[in-house]
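K.L.:
Sharing a structure below in structure tokens format, with a few things to ask.
The values are calculated or read from the model by the stated rules, or taken from the named source; none is laboratory data. These numbers were taken from a predicted model, which means no experiment stands behind them. Virtual Cβ from ideal backbone geometry, glycine too; neighbours counted across all protein chains shown. Accessible surface areas use protein heavy atoms only, side chains included; no ligands, DNA or RNA. Shrake-Rupley method; radii C 1.70, N 1.55, O 1.52, S 1.80 Å.
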Amino acid sequence: MSDIPVGSPRVDTSKRTWLIASGCAGAVGGVATAIPFVSTFEPSEKAKAAGAPVEVDISALKAGEKMTVEWRGKPVWILKRTPAQVAELPKLDGQLADPQSKRHPDEFTPKYAQNEHRSIKPEVLVVVGICTHLGCSPVDRLQAGPQPSLPNDWEGGFLCPCHGSTFDLAGRVFKNKPAPDNLPVPPHMYLSDTRLLIGEDKKA
């Protein structure tokens with residue numbers, strides 16, 4: 001006759017400890033593995049900033065200088081024109097394809113920039129530095145006078161190196177060039193005399 005065990009079976013405590021430790025380690029490992037995948041569902045800081053307005057300090061910008069900032073992945077040029085450059089703008093109207101910026105104003109020129117200097121303040125130009133032809137980025141030709149690929153009476157502006165479109169110091173395209181429109185003026189406004197907000201124009 002065989003013996004039948006009576007009462008609770010004996011438990012190996014060392015084995016139980018090992019099983020608990022293994023289970024905990026597995027749970028921690030699973031969570032650690034899941035975190036990177038879960039975090040990919042959240043937008044990165046760069047992605048959040050891509051469509052957000054950009055605040056710019058222009059206090060150090062001197063007359064005749066240009067700075068570039070990025071907004072929505074595009075270069076935005078901020079040019080502080082000299083009084084002489086501003087005074088020269090109306091004289092170019094006859095050479096320009098759209099001197100009053102009347103073409104596609106909703107897309108290229110907000111109401112507050114539909115003027116001779118295409119800006120809120122006459123001396124400060126704010127434009128997206130992308131040619132309206134095929135999306136190349138024009139280069140600076142800010143100095144007046146004869147230069148390669150430019151007319152002898154050049155008064156300063158921008159030259160697109162891809163197909164030769166030229167723009168004046170208000171971002172207005174010259175006649176008979178591949179670019180169909182002036183350089184876009186992004187929504188912007190002044191937070192103070194020296195601080196600009198690119199991407200929002202509630203107070204403009």
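K.L.:
What base-10 log of the normalised intensity I(q)/I(0) is obtained for the stretch 89-174 from the Debye formula, alpha carbons as equal point scatterers, at q = 0.19 Å⁻¹?
P.N.:
-0.85
K.L.:
Of all the accessible heavy-atom surface of the stretch 131-176, with the other protein chains kept in place and a 1.4 Å probe, what percent is carbon and sulfur?
P.N.:
50
K.L.:
Something else about it: Evaluate the charge dipole of the stretch 148-204 about its Cα centre and quote only its size in Debye, nearest 20, assuming +1 on the Cβ of each Lys and Arg and -1 on the Cβ of each Asp and Glu.
P.N.:
So the dipole magnitude of the stretch 148-204 works out to roughly 140 debye.
K.L.:
Would you rank ILE130, ILE198 by solvent-accessible area, highest first, keeping every protein chain in place and using a 1.4 Å probe?
P.N.:
Heavy-atom accessible area, descending, gives ILE130, ILE198.
K.L.:
How large is the charge dipole for the stretch 120-183, taken about the Cα centre, if only the Cβ atoms of Lys, Arg (+1) and Asp, Glu (-1) carry charge, to the nearest 20 debye? Numbers along the way, then the final one.
P.N.:
Numbers: 5 positive and 6 negative charges, 26 e Å.
So the dipole magnitude of the stretch 120-183 works out to roughly 120 debye.
K.L.:
For the pairs LYS177/LYS202; LYS80/LYS111; LYS74/LYS177; LYS62/LYS175; LYS175/LYS202, flag any whose C-alpha to C-alpha distance is greater than 27 Å.
P.N.:
LYS177/LYS202; LYS62/LYS175; LYS175/LYS202
K.L.:
Mind giving me the nanometre distance, one decimal, between the label points for ARG195 and ASP140, set 7 Å out from Cα along Cα→Cβ?
P.N.:
2.6
K.L.:
Could you calculate, for the stretch 146-186, the ratio of the Cα radius of gyration to the Kirkwood radius, expressed as Rg to Rh?
P.N.:
Ratio value, two decimals: 0.94.
K.L.:
To continue, here is another question. Relative contact order, percent, of the stretch 85-192 when contacts are C-alpha pairs under 8 Å separated by at least 6 residues?
P.N.:
30
K.L.:
For the charge dipole of the stretch 75-172, defined by +1 on Lys and Arg C-beta atoms and -1 on Asp and Glu C-beta atoms about the Cα centroid, which residue among CYS160, TYR112, THR82 has the Cα displaced farthest towards the positive pole?
P.N.:
In the stretch 75-172, that residue is TYR112.
K.L.:
Please give the contour-minus-distance gain from LYS91 to ALA63: 0.36 nm per residue of separation, less the Cα-Cα distance, rounded to one decimal in nm.
P.N.:
8.1 nm
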